[in-house]
Each structure stands twice: as C-alpha cells, then as structure tokens.
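In what follows, a structure is listed as structure tokens, so that the remarks can point back to it.
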Amino acid sequence: MEIRVENVIKEFSRYPALDNVSLGVRSGELIALLGPSGSGKTTLLRLIAGLENPTAGRIFFGEEDASQKTVQERNVGFVFQAYALFRNMTVLENVSFGLKVRPRATRPPKSEIRRRALELLDLVQLNGLEKRYPQQLSGGQRQRVALARALAIEPRVLLLDEPFGALDAQVRKELRKWLREIHDRTGHTTVFVTHDQEEALELADRLVVMSRGKIEQVGTPDEVYDKPNSPFVFDFIGESSALPVTVQGGEVWLGDRALGLRAEGTAPGSYRLYFRPHDVDLVDDGPALVGVVAGARRVAGLRRVELEIGGDGARAEIDLPHDHPAGERTRIAFRPRLWSLFPA
Amino acid sequence: MFEREGAVYDSRRPIAPHQHLRPTTERAWVKVLLISIALIYMLAIVVLPLIQVFFEAFRKGFDTYFASFEDRGAQTAIQLTLTVAAIAVPLNLVFGVAASWAVAKFEFWGKSFLITLIDLPFSVSPVVSGMVYVLLFGAQSALGPWLKANDIEIIFAVPGIVLATVFVTFPFIARELIPLMQAQGNTDEEAAISLGASGWQTFWRVTLPNIKWGLLYGVLLCNARAMGEFGAVSVVSGHIRGQTTTMPLEIEILYNEYNFTGAFAVASLLAMLALLTLVFKSLLEWRYGDELAGTRRH
C-alpha cells in the first residue's frame with residue numbers, strides 16, 4: 001500500500017509541529033523517519049495512523065483519502081514506543097485482541113482467531129509464551145508481542161514508533177535484523193521512527209531526515225550518507241567536520257592557503273567545508289589542509305585524530321588506521337576525498 | 001587492618017561497628033519516645049472510643065443488645081441506610097468513572113473548573129450541603145408549590161436523603177480515579193483503537209480492567225461515607241422515625257431518649273460496617289499494593 005502525505009501542517013496550540021510536509025512512501029518499502037527530538041517525526045507517524053488530525057493537508061493510502069477516515073477504518077498496525085501491551089491480558093489475548101473486537105460479520109470464528117494468533121507468535125519466535133502476562137516478559141519479548149499484535153489485524157501499513165528505543169544495545173541489534181527479515185517475509189509497507197542514525201542506515205530502504213517540523217532530505221542510506229544536502233544532515237548523520245573557507249577562482253582556500261580542491265562553478269564567497277573523518281587522503285606534498293595534532297583517541301579499529309587547523313582555532317577530525325605511522329606525528333597534511341560546501 | 005584474614009580490603013565489610021548505623025537511624029530512646037506518643041494518641045483518640053461503643057452496647061447483656069434490633073425504628077433505619085447506600089454508590093460510580101475519564105483522557109475548556117467542582121463537597125460543610133437541597137426543593141422554594149401540586153416529595157423523604165448522600169460522597173470515586181488514569185495515560189486506549197476497537201470496546205476491555213482496583217477502593221470509601229453521613233442527611237430528613245431516619249440519625253434519637261443500649265447497639269453495627277470496610281480495604285492493599293500505590297491518599 002502506497003502512502004502519500006500532501007502538504008501536511010500540524011499545530012499544537014499554535015506551535016507548528018509539522019510545517020508543510022509532503023512525502024511519498026512506495027508500496028512494500030521500509031522507510032525510516034529520522035531526526036532529533038522535537039523534529040516532528042513521531043507527529044508525522046501519528047498523523048499517518050490517524051491518532052492525530054492534521055491542521056491542514058491530506059494523507060492518502062493508495063488512491064483513498066485516509067485523512068477522512070477514523071483510526072479504526074484506516075486499519076494500520078501501530079507499535080507504540082512503550083509497547084502499550086494490555087497488562088490484564090495474556091500474550092495470546094493481546095495478539096488476538098484486534099480480531100476479537102471486530103464486528104460479528106467480519107470476525108473469524110474463535111478457533112481461527114486462536115490459530116492465527118499462535119501462528120503470529122510463531123513468526124515472532126515466541127511460541128510457548130502465549131499464557132504469560134506482559135509483566136512476565138523481557139523488553140525484547142514485549143516488543144515482539146507488540147509487533148505480532150499489530151500484524152494480527154492484517155494492516156495495510158505498519159507503523160513503529162521508536163521500536164527499539166527501550167532496549168539494550170545487544171537486543172537492539174538482534175531485533176533490528178529480525179525486523180528486516182519479518183519485513184522481507186511479510187512485505188508490509190513499513191514506516192518507523194528513530195533518533196538512532198545507525199539504526200536507520202542499517203535497516204531502512206530509504207531515510208527521511210527531519211528537523212524542526214520539516215523534511216531535510218529523503219534518500220537511500222547511501223545518498224543521505226554520501227551526499228547530504230544540508231549542514232544539518234551532514235552533522236546529524238555520521239561524523240563530520242566543518243571548516244570556514246572561501247572560494248576564489250574555482251579553488252577552495254583556507255585563509256591564504258589553497259587546499260587543492262576544485263570548486264568549478266561555485267560563486268566566489270565564504271563557505272563552510274564539510275567532510276567526514278574517514279573520507280580523507282593523507283598527502284605528502286602539494287596543496288593540502290595542514291593541522292597540528294591536538295589529541296587522538298582510539299575508536300574501535302581506528303584512531304581518530306583531532307587537528308588544529310590554521311591560526312583561528314578551527315578544528316577537524318580525521319580517521320587513521322590505528323597503527324598508521326602518521327599517528328605519531330605532530331603535524332598532518334590531508335585532503336578531503338568527499339566533501340561539500342555550504343554557504344557560511 | 002589490612003593484615004586481617006584474607007588481607008584484602010573489602011568495602012562491603014564494616015570496619016567499625018558504628019559505621020553500620022545509617023545516617024537516618026535515630027537513637028533508641030528517640031525511637032521509643034516517638035512510637036509511644038503515636039501509640040498513646042491512637043489509643044486515646046481512636047481505639048478507646050471504639051471499644052467504648054461495643055462496651056456500652058453489650059453492657060446489659062446480649063439479650064438486651066439483640067432486643068434493640070427488634071425495634072421497628074432500628075430496623076427501618078438499617079433498611080433505609082442500606083437502601084440509600086445502594087442508590088448513592090452506583091450513581092457516584094457512574095459519575096466518578098465518567099468524570100475521571102473526561103478529565104484524564106481529554107483536554108477541554110473548563111476542565112480545571114470541573115476538577116474544582118468535584119472537590120467542592122469535601123470543602124463544604126455537610127450541613128450546608130443539606131440546606132442547599134432544602135432551599136431548592138423545600139416548601140418555601142420556588143419549586144415547592146409545583147412539587148406539592150404534583151405530589152412529589154423530596155425534602156423530608158427518601159429522595160432528599162439520597163440526593164444529600166450523593167452530593168456528599170461524589171468526590172470519593174472520582175478523586176481516586178483521576179490521578180490513576182492520568183498516570184496511565186492514553187497509549188493503551190490508542191493501541192486498542194488502532195487495533196480496530198470501538199469506544200465502548202476500548203472502555204470495557206482496556207480502560208476498566210486497568211482501573212478496577214482503584215475503582216473498587218473508591219467504591220469502598222464512598223460506601224463507608226454514604227452509610228455514615230449525618231450532617232447533610234440530618235437537614236433534609238425531617239427525622240420521621242420509621243420513615244426517614246437513617247442509622248446515624250436513629251442513633252442520635254435513641255441517645256437523646258436516654259436509650260443508651262439501643263443507641264450503642266445501632267452504633268456498634270455502624271462501626272462494624274466501617275471496620276469491615278477497612279478490613280476489606282486492607283486486604284485489597286495487601287493483595288494489590290502495587291497497583292494501588294500512588295493513588296492512596298485517604
């Protein structure tokens with residue numbers, strides 16, 4: 001099922017939570033809404049579900065205008081951040097809830113409801129736990145129950161709000177892989193909200209990066225990571241350094257030093273040069289950025305070196321293999337391999 | 001010190017015994033003093049009078065005690081009290097749940113005014129609560145002649161007593177449920193509707209089970225107060241023996257007639273009902289302490 005969000009505005013007592021947002025989600029896609037807190041990502045998810053009503057704009061499921069429909073009619077599977085499992089019901093009752101509350105005409109017979117609930121518990125690898133109560137489960141298990149419960153109603157789209165937010169790092173990683181598998185097997189159009197960029201990059205087909213109620217960039221993990229379209233995205237996704245530079249005659253300059261970076265067609269003026277610590281080449285001669293080592297720390301298999309560049313106290317970080325001889329030097333010359341300029 | 005057995009410093013092992021004392025632990029004589037004050041106070045203010053009630057009731061023997069209940073006045077008083085509670089408590093149950101649901105789950109204009117109104121009966125003297133109904137429905141009121149013409153009796157009759165009791169006891173359930181429902185938030189309900197449940201289904205299957213212990217607790221308190229209410233009921237009842245006297249009113253009448261055994265017999269029954277309520281409440285607290293925690297304030 002395709003989802004189309006058209007010019008949606010959402011205000012909470014005059015404060016705009018979403019400011020004219022449009023987004024298309026393709027059928028069967030796994031898409032991540034990524035952004036810092038307050039960026040409007042959860043609001044957008046709740047609008048799609050119908051748990052909030054837009055102040056203006058429309059939301060389509062396929063050709064159908066979903067904004068005219070109630071939550072119940074939209075038939076979405078929603079997984080809540082704290083799972084919101086019904087504490088007075090067993091795991092099996094939780095999963096079968098959505099089928100049990102259907103009107104008589106569309107409600108499957110009892111034995112069929114039970115069979116389907118058990119089948120879903122099997123899918124989320126919780127067989128044998130159907131008689132437990134939510135309090136008797138671990139965080140990861142609750143998460144799976146919540147997902148099984150959402151899948152039980154055969155939703156048209158699956159929406160997850162910070163699905164792994166409350167779990168520890170180990171369980172997170174396992175569940176991430178597992179959610180991808182479930183998605184590939186069931187093929188639901190899935191939208192999930194996260195503030196964890198690593199999670200979004202690893203899991204999603206496409207990312208929607210949001211900030212202050214607006215969409216900053218939409219793209220595949222590769223596009224968003226390699227070609228961020230704004231300083232915000234550069235900062236928010238992955239590690240980055242920024243240096244104040246000028247463009248003059250198609251060349252990038254730091255102070256009075258040419259860096260050996262060509263900027264053809266860029267209007268002369270002040271810019272900020274963005275690059276990632278691992279997208280750099282060390283150079284022995286020729287134009288380059290030269291920095292004095294201000295500090296270094298070990299980051300997993302790499303050594304991240306902090307350099308002071310120029311006399312104005314500008315700093316940048318670069319990654320070296322942890323045993324690279326340059327790590328012992330006091331001055332390092334390098335040139336960004338992948339970089340972007342944004343107006344200062 | 002490091003040469004003691006093991007020779008390894010272990011932070012868990014106390015080095016000197018006095019370090020075992022927590023900073024908040026008082027000296028022994030302070031403890032004894034504070035506990036004694038509390039106990040003596042409780043004995044003098046609560047336990048002694050309660051014992052006195054039963055002592056007076058049984059002073060002239062069991063036969064006289066039970067004979068007190070054969071009196072028609074006492075019997076109708078007991079009946080009336082139970083009837084009034086049986087009407088007032090369910091009414092306030094419905095009102096309390098509806099009000100808490102509205103306050104806890106929705107934002108609307110005038111919400112804080114509604115919360116203040118709910119607390120009103122707690123702050124207004126019960127006598128005033130009774131007076132209000134007399135002024136509203138009494139013979140001298142604007143409605144009085146119309147009520148009389150249509151043969152509707154409210155003041156000095158059972159409807160008035162029920163109204164006064166409902167008024168005095170309506171905060172109990174709402175006050176119990178509002179904080180509980182606010183703490184639980186909306187997500188369970190949102191989950192239910194996202195799964196396709198209607199409003200009613202969500203209420204019966206999700207909201208109500210989530211609040212059932214707080215609700216029962218509120219009902220118990222409401223019931224205890226409904227049976228024991230004196231002031232408001234006294235104003236509207238008219239004290240017609242065998243017709244409009246509830247147990248507390250009957251006790252007063254018997255007492256004023258110097259029928260101490262009778263008065264204390266009925267009083268002992270009322271006290272017993274209250275004690276039973278307390279026992280039941282404690283049982284609930286013991287059994288479902290976690291769920292009730294955070295909502296306890298009476």
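Each Lys or Arg adds one and each Asp or Glu subtracts one; over the other residues with Cβ under 11 Å from the Cβ of residue B:262, this totals -4.
Of A:332, A:60, B:102, which is farthest along the charge dipole of the protein assembly as shown in the positive direction, counting Lys and Arg as +1 and Asp and Glu as -1 at C-beta? It is B:102, whose Cα lies furthest towards the positive end.
Electrostatic tally near residue A:240: other residues with Cβ closer than 9 Å to its Cβ, Lys and Arg +1, Asp and Glu -1, net -2.
Need the C-alpha centroid separation for segment A:145-221 versus segment B:178-229, integer Å. That distance is 32 Å. Amide H to amide H, with H built 1.01 Å from N, residue A:260 comes under 5 Å of A:252, counting only residues 5 or more places away or on other chains.
Only the Cβ atoms of Lys and Arg (+1) and of Asp and Glu (-1) were treated as charged; on that basis the dipole of segment B:61-291 about its Cα centre amounts to roughly 280 debye.
Averaged per residue, what accessible surface does segment B:61-291 expose to a 1.4 Å probe, in Å²?
On the way: 11220 Å² over 231 residues.
Averaged over the residues of segment B:61-291, the accessible area is 49 Å².
Note on the protein assembly as shown: antiparallel DSSP beta bridges, both residues inside, total approximately 75 percent of the bridges counted.
Taking only the alpha-carbon atoms of segment B:147-298, what semi-axes of the equivalent ellipsoid follow from 5 times the gyration tensor eigenvalues under a square root, in whole Å, largest first?
Values: eigenvalues 297, 96, 20 Å².
That gives 39, 22, 10 Å for the three semi-axes.
Qualifying GluC sites (Glu not before Pro) in segment B:20-83, where qualification requires a DSSP coil assignment and no more than 14 other C-beta atoms within 10 Å, comprise B:26, B:70.
Think of the protein assembly as shown as a dipole: +1 on every Lys or Arg Cβ, -1 on every Asp or Glu Cβ, centred on the Cα centre; then among B:162, B:115, A:158, B:162 lies furthest on the positive end.
In the structure displayed, which of A:10/B:105; B:105/B:212; A:100/A:131; A:10/A:41; A:10/A:214; A:131/B:105 lie more than 22 Å apart, Cα to Cα? Write out the running numbers ahead of the final one.
Working: A:10/B:105 20 Å; B:105/B:212 17 Å; A:100/A:131 17 Å; A:10/A:41 12 Å; A:10/A:214 11 Å; A:131/B:105 30 Å.
Result: A:131/B:105 exceed 22 Å.
Running Debye on the protein assembly as shown with equal point scatterers at the Cα sites and no solvent, what base-10 log of I(q)/I(0) appears at q = 0.09 Å⁻¹? Debye curve over Cα of the protein assembly as shown, log10 I(q)/I(0) at q = 0.09 Å⁻¹: -0.98.
Only Lys, Arg, Asp and Glu carry charge here, each on its Cβ (+1 for the first two, -1 for the last two); on that basis chain A has a dipole of about 1760 debye about its Cα centre. The loop-placed trypsin sites (Lys or Arg not before Pro) in segment A:56-139, going by DSSP, that have at most 10 neighbouring Cβ atoms within 10 Å of their Cβ come out as A:104, A:131. Shape analysis of segment A:1-159 yields a ratio of the Cα radius of gyration to the Kirkwood radius, Rg/Rh, of 1.01. Taking the square roots of five times each eigenvalue of the Cα gyration tensor of chain B, the equivalent ellipsoid has semi-axes of 45, 33, 17 Å, listed largest first. The A-B contact accounts for approximately 1700 Å² of buried accessible area, totalled over both chains at a 1.4 Å probe radius.
Across segment B:45-58, computed HN-Hα scalar couplings (Karplus, 6.51 cos²θ - 1.76 cosθ + 1.60, θ = phi - 60°) run 8, 10, 6, 4, x, 5, 4, 4, 4, 5, 4, 5, 5, 9 Hz from first to last residue, x flagging Gly and Pro. Within segment A:18-70, the proportion of C-alpha pairs whose separation exceeds 17 Å stands at 37%.
Rank A:321, A:194, A:217 by how far each Cα sits towards the positive end of the charge dipole of chain A (+1 on Lys, Arg Cβ; -1 on Asp, Glu Cβ) and give me just the farthest. Final value for the positive-end residue is A:194. Across all directions, the average projected area of the convex hull around the alpha carbons of chain A is 21.8 nm².
Skipping prolines and chain starts, which residues have an amide H placed within reach, meaning under 5 Å, of the one on residue A:126, given they are 5 or more residues away or on another chain? Those lying under 5 Å, H to H, from residue A:126: there are none. Close amide-amide hydrogen proximity is noted between residue A:248 and A:253, each under 5 Å apart and 5 or more residues distant or on a separate chain (H modeled in the peptide plane; Pro and chain starts excluded).
Ranking A:271, A:133, A:15 from most to least accessible surface, computed with a 1.4 Å probe over the protein chains only, gives A:15, A:133, A:271. Counting only chymotrypsin sites (Phe, Trp or Tyr not before Pro) that DSSP places in a loop and that have at most 14 other Cβ atoms within 10 Å, the longest clean stretch of chain B runs over B:110-257.
The values are calculated or read from the model by the stated rules, or taken from the named source; none is laboratory data. Since the model is a prediction, treat every value here as computed from it, not as a measurement. FYI the Cβ positions are ideal-geometry reconstructions off the backbone, even for glycines, and counts take in every protein chain you see. Accessible surface is based on the protein model in full, side chains and every heavy atom, while ligands, DNA and RNA are left aside. Shrake-Rupley method; radii C 1.70, N 1.55, O 1.52, S 1.80 Å.
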